[in-house]
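Laboratory data are not the source of any read-out in this text; all were calculated from the coordinates shown. Model, not experiment: these values are computed from the prediction. Cβ sites come from the backbone with ideal geometry, for glycine too, and all protein chains shown count toward neighbours.
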Protein chains: 2
Amino acid sequence: MNTGNGTRLYVNEVATRDGFQMESRFIPTEDKIALVDRLSGLGYAKIEVTSFTSPKAIPALRDGEEVMGRIARRPGVVYTALVPNLRGGERALDSRVDEFNIVMSASETHNLANLRMTREQSFAQLSEVIALARQAKVPVNVSLSCVFGCPMEGEVPLAGVLEWIDRFDVLGVAGITMCDTTGMAYPTQVQQVCASALERFPSLDFTAHFHNTRAMGLVNTVAAVEAGVRRFDMSLGGIGGCPYAPGATGNVATEDVIHMLQCMGYDTGMDLDGLIGAAAQLEELVQHELPAQVSRAGHRLTRHAPPADFSEIVERAKARGEGRKELQA
Amino acid sequence: MNTGNGTRLYVNEVATRDGFQMESRFIPTEDKIALVDRLSGLGYAKIEVTSFTSPKAIPALRDGEEVMGRIARRPGVVYTALVPNLRGGERALDSRVDEFNIVMSASETHNLANLRMTREQSFAQLSEVIALARQAKVPVNVSLSCVFGCPMEGEVPLAGVLEWIDRFDVLGVAGITMCDTTGMAYPTQVQQVCASALERFPSLDFTAHFHNTRAMGLVNTVAAVEAGVRRFDMSLGGIGGCPYAPGATGNVATEDVIHMLQCMGYDTGMDLDGLIGAAAQLEELVQHELPAQVSRAGHRLTRHAPPADFSEIVERAKARGEGRKELQA
């Protein structure tokens, strides 16, 4: 495992989209805007602000236009949104998003279960969305689900994943996010899959998106970095998840990943204390405990006070001396 | 990150000692014995059965003699127990333990806070315990706390850690466990510390002991394996922890670590399904949810059923065809 040596990594926040869409409580629009504005100052390369899905399908994000319209855009931060179809693409363009994030699954069963279309149907629909974006000169990123396995099909062959990437590459997308949608990825697989994709498509920007379902979110991140991936999706507090994996915890937590990468010597550009503060605000918004651990335990060098009777302990220890007889007394 | 390639790793279970001592409910003696007997069949190299500490100090383990005396010992499994002092050593010998596990901290403040002695006082006391064990031809392992940092002092210099290991090596101990007592270790540090220790003391058996406090338990395990460590402490369900790190989660969970190592191609000798079954029993014993994730989410290839209306989804998708007009209808 190599030291980071200042290698620059780029962080995408997904809590406000991937996270909020899973929350049972509607997060007030003002609070969404305030959170995005707070996050904008913490060093992110990209923030997935909202989704232009049908308000009936995802009522939690029915205020996408208002949120996109009222956030304070910080130069250098890419404000992206999920775009499922042409209608969503038009709304996204009206809201002046910096990027379209489009989604389909590498697994036929998962695509049908999640998007209610075959993969070919999704691809046809997304091809139109890509054409719309290109016409408007807005870059497109494809979030490809189930790259490391499908909870219903099992293994997802790498050859098929690479073929879908190739078809999107031909259409001129800017980047691909390799999503471990239900936390099935493991480190040596991550390294193999990511290395294969990066080697075959050197001109695409690859992002990795891990879930911590089976406790491997952080080790998979290191595996992806070692394979050459430089962009990562993370979710503040670890909120979000997938409805098709019962018991699943959510996305890997931004503060946990950043803490580790900073300890290892990577340059993430992120403000860790700022993240921990924002996570406290997020916990108030969602009104439940967050799965993230660093916002609870603090940075590794956070000092804890010794026991209240510490000075007496020290006095008694000194009084005993170091010899055998005193110790047994 | 390398593929395991069948490299043999050895697993020590600590739930019955490090875990149970932290539980507020007294686990009935019969249940402790039944759990150890169940674990004995799952492939462990070692099980830390109990502690011969004063029953007043740790009432949760006041039945150490009875548990050690009544478990069914499986050939090949080392049944160890924590031994704090000469009195504990005599009780451990009476109970025919296979190994003494003795504990001190690499941090002076942590040793005082936890053991109420200076490190020199602990070393003097443990020297007597080691002499007793050697006389009885019972091997001794030293669990050295705070090797990767102290929650009260901060960084713990490697030179000091190596010096303590050297002093125990001179006394003829068989092994050293490098404990990340409050989850301060990070991967590149783990690799450096473990590689240094293994290089300097080639005749000692080194074990790594990680906590998942800051979500790095699994990635630290991989770092230690890559540095050459072959023995690992783990706690079924992830129970146990440390009272001096508020908010800390416990030991790294056996089922989570084994699942990852097996996915990566290491030979752990362990029965993962058996572990998941034993964790369910453990959850009943401790009467609270376990922090482990694989026992909740299952093995990565655990199949989940598609949505209840899946066949209708497929029918409707087929009826739509693949063309543009049908999709927009």
- Message: Once the label point is set 7 Å along the Cα-to-beta-carbon vector, what list of distances in nm do you get between residue A:267 and its counterparts in the other copies?
- Response: 4.5
- Item | For chain A, the longest site-free run once GluC sites (Glu not before Pro) in DSSP loop states with at most 13 other Cβ atoms within 10 Å are removed | A:1-154
- Compute the FRET efficiency between residue B:169 and residue A:159 as 1/(1 + (r/R0)^6), taking r as their Cβ-Cβ distance and R0 = 51 Å, and round to the nearest 0.05. 0.45
- Debye intensity ratio in log₁₀ form over the Cα atoms of chain B, taken at each q of 0.11, 0.12, 0.15 Å⁻¹: -0.67, -0.78, -1.24
- Could you list the residues of the range B:4-27 with an amide nitrogen less than 18 Å from a label point located 7 Å from the Cα of residue B:288 in the Cα-to-C-beta direction? B:15-27
- Quick one: label points 7 angstrom along Cα→Cβ at residue B:76, distances to the other copies in nm, smallest first? 5.9
- Computed magnitude of the charge dipole of chain A (debye, nearest 20; Cβ of K, R +1, Cβ of D, E -1): 260
- Mind putting a number on the dipole of the range B:157-253 about its Cα centre? Charges go on the C-beta only, +1 for Lys and Arg and -1 for Asp and Glu, and I need it in Debye to the nearest 20. 180
- Task: Just the number, please: Stokes-Einstein D of the range A:66-109 in µm²/s, Kirkwood Rh from C-alpha pairs, 10 °C, 1.306 mPa s.
- Result: 136
- Where does helix B:158-170 land angle-wise versus the long Cα axis of chain B, in degrees 0 to 90, nearest 10? 60
- Task: Select from the range B:100-135 those trypsin sites (Lys or Arg not before Pro) which occupy a DSSP coil region and have at most 14 other Cβ atoms within 10 Å, ordered by residue number.
- Result: none
- What is the antiparallel percent of DSSP beta bridges lying wholly in the range A:10-303, to the nearest 5? 5
- Hey, how many Å between the Cα centroid of the range A:157-232 and the Cα centroid of the range B:1-49? 35
- Set the Förster radius R0 to 45 Å, insert the Cβ-Cβ distance between residue A:281 and residue B:135 as r into 1/(1 + (r/R0)^6), and round the FRET efficiency to 0.05. 0.15
- Can you put A:314, A:173, A:257 in order, fewest other beta carbons within 10 Å first? A:314, A:173, A:257
- Taking each label point as 7 Å beyond Cα in the direction of the beta carbon, state the distances from residue A:157 to the same residue in the other copies, shortest first, in nm. 5.9
- From the backbone phi of the range A:218-229, what are the Karplus-calculated ³J(HN,Hα) couplings (6.51 cos²θ - 1.76 cosθ + 1.60, θ = phi - 60°) in whole Hz, Gly and Pro given as x? 6, 5, 5, 4, 4, 4, 5, 4, 5, 7, x, 6
- Query: For helix B:119-135, what angle does its Cα long axis make with the longest principal axis of chain B, in degrees from 0 to 90 and rounded to 10?
  - Reply: 90
- Query: Given a Förster radius of 60 Å and the C-beta distance between residue B:271 and residue A:205 as r, what FRET efficiency does 1/(1 + (r/R0)^6) yield to the nearest 0.05?
  - Reply: 0.90
- For the protein assembly as shown, list log₁₀ I(q)/I(0) at each q in 0.05, 0.08, 0.11 Å⁻¹, using the Debye formula over Cα point scatterers of equal strength and ignoring solvent, two decimals each. -0.25, -0.62, -1.05
- Task: Please order A:236, B:301 by the number of other Cβ within 10 Å, starting at the fewest.
- Result: B:301, A:236
- Listed residues B:180, B:94, B:205; largest mean-square fluctuation, Gaussian network over chain B with Cα springs below 10 Å, found at B:94
- Message: Quick check: the distance between the Cα centres of the range A:62-141 and the range B:262-279, to the nearest angstrom?
- Response: 41
- Would you tell me the mean number of C-beta atoms belonging to other protein chains that fall within 10 Å of each C-beta in A:186-193, as a whole number? 5
- Message: For the rotation taking A to B, I'd like to know which residue in chain A has the C-beta closest to the axis, plus that distance in Å.
- Response: A:219, 2
- Item | Cα long-axis angle, helix B:310-320 against chain B (0 to 90 degrees, to the nearest 10) | 40
- What is the magnitude of the charge dipole of the protein assembly as shown about its Cα centre, with +1 placed on the Cβ of each Lys and Arg, -1 on the Cβ of each Asp and Glu, and no other charges, expressed in debye to the nearest 20? 160
- Calc'd 3J(HN,Hα), the range B:264-281, phi into Karplus 6.51 cos²θ - 1.76 cosθ + 1.60 (θ = phi - 60°), Hz, glycine/Pro = x, comes to 7, x, 7, 9, 9, x, 9, 9, 5, 4, x, 5, 5, x, 5, 5, 5, 5
- Query: Each label point is 7 Å from the Cα along the Cα-to-Cβ direction; what then is the distance between the points at residue A:304 and residue B:308, in nm?
  - Reply: 4.6
